[in-house]
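J.: The structure's right below; bear with me while I get my questions together.
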Amino acid sequence: MDIPQLAQNSLEFPDIYQAIRERNGFVAFGGDLSVARLVAAYERGIFPWYSEDEPICWWATSPRFVLYPKNLRVARSLAKKIRNSKYRITLDFCFADVIQNCAAPRKNEAGTWITADMQKAYIELHRQNIAHSFECWYEIDGELLLAGGFYGVLIGRIFCGESMFAKYSNASKIAFARSVEFLAEKGIKLIDCQMQTEHLARFGAEEIDFSLFEKHLAEYKESKIELAREIICGSI
């Protein structure tokens, strides 16, 4: 399989549709994780995904797994927990902690795709107000602790979700449900989930063809939304 290599002195990417037809969405390898390249990639529907012992790999999956915020579904059991549990949801209170928790090895998994270089790159995106984190806090033994959360990249009115974690029961689910509601109020039109998961399907995420995703990017990427550190909601 002949896979294109990115040039260091150019932010151009190879043809996405050829990558989808011939390489299951594997667009290219190489390049770097600079802010300029990452933004150029996300604006075209491309994202980095690779392991520690691999070169940087760039993907554009089709079908694309997305959630239209208006189609958010919250299971009755989770809705009850959201109503009755004590928690606090925040935006951008501790981005570095969130991405580090997301990078921690999962049960029955070895290693992580969120490498040290990836963490450094997305922390820089956060410093430039492009990447954002949502945190769920629980009060444990009188202390407010980071219980779960997720992070992603904001491209116009599209929020590209990257990863989530939970240290305590339901924390990532509560963070996701309340944060999607918040993003919808801010004018976000689409949550890019990238690849299909059962977990996100239960929230109403669905597969669409990459061509439709590309149309959404063209429509929404130039319409800027500003997100800033704040307490979103909660009872503690």
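J.: Which of the numbered conditions does S179 fail, given that it passes all the others? Conditions: (1) without any contact (Cβ under 8 Å) to a residue 24 or more places away in the chain; (2) hydroxyl-bearing (S, T, Y); (3) closer than 11 Å to P69 by Cα.
T.: (1)
J.: Kindly establish whether W113 is over 26 Å from S235 (Cβ atoms) and assigned by TED's automatic domain parsing to the domain that holds V74.
T.: The answer is yes for W113.
J.: In addition: Among (1) of a type in the set (D, E, K, R); (2) out of contact with any helix residue (DSSP H, G or I) (no Cβ under 9 Å at 6 or more places or on another chain); (3) farther than 26 Å from A166 by Cα; (4) touching a residue at least 24 places away in the same chain (Cβ under 8 Å), there is one condition R21 misses while meeting the rest; what is its number?
T.: With respect to (1) of a type in the set (D, E, K, R); (2) out of contact with any helix residue (DSSP H, G or I) (no Cβ under 9 Å at 6 or more places or on another chain); (3) farther than 26 Å from A166 by Cα; (4) touching a residue at least 24 places away in the same chain (Cβ under 8 Å), R21 is out only on (4).
J.: Determine whether the stretch 195-209 contains at least one residue that is among the hydrophobic types (A, V, I, L, M, F, W, C), under 22 Å from L78 (Cβ atoms) and in a helix (DSSP H, G or I).
T.: yes
J.: Moving to a separate point now. Mind counting the residues in the stretch 200-228 that are of a type outside the set (G, A, S), within 18 Å of the chain's Cα centre (by Cα) and exposed (fewer than 13 other Cβ atoms within 10 Å of the Cβ)? I'd like the intermediate steps shown before the answer.
T.: Filtering the stretch 200-228 for residues of a type outside the set (G, A, S) gives 200, 202-203, 206-210, 212-217, 219-222, 224-227.
Of the ones still in play, those that are also within 18 Å of the chain's Cα centre (by Cα) are 200, 202-203, 206-208, 210, 213-214, 216-217, 220-221, 224-227.
If we keep only those that are exposed (fewer than 13 other Cβ atoms within 10 Å of the Cβ) too, we end up with 224, 226.
Here the count works out to 2.
J.: I'd like to verify a number: residues in the stretch 10-47 that are touching a Phe, Trp or Tyr at 6+ places or on another chain (Cβ under 8 Å) and of a type in the set (D, E, K, R), how many?
T.: 1
J.: Hey, does the stretch 63-78 have a residue that's closer than 19 Å to N9 by Cβ and either touching a residue at least 24 places away in the same chain (Cβ under 8 Å) or of a type outside the set (D, E) (or both)?
T.: Initial filter on the stretch 63-78 (closer than 19 Å to N9 by Cβ): none.
Within the stretch 63-78, none of the residues are closer than 19 Å to N9 by Cβ and either touching a residue at least 24 places away in the same chain (Cβ under 8 Å) or of a type outside the set (D, E) (or both).
J.: Kindly indicate whether E162 is more than 21 Å from V98 (Cβ to Cβ), modelled with pLDDT of 95 or more and in a strand (DSSP E or B).
T.: no
J.: Something else: In a strand (DSSP E or B), touching a residue at least 24 places away in the same chain (Cβ under 8 Å) and more than 24 Å from Q119 (Cα to Cα): which single residue out of I232, I188 fits that description? Even if it seems obvious, please write down each step before you answer.
T.: Working: I188 fails: in a strand (DSSP E or B).
The unique qualifying residue is I232.
The values are calculated or read from the model by the stated rules, or taken from the named source; none is laboratory data. Predicted, not measured: the structure shown is a model, and the values here were computed from it. All Cβ positions, glycine included, derive from the backbone under ideal geometry; neighbour counts span all protein chains shown.
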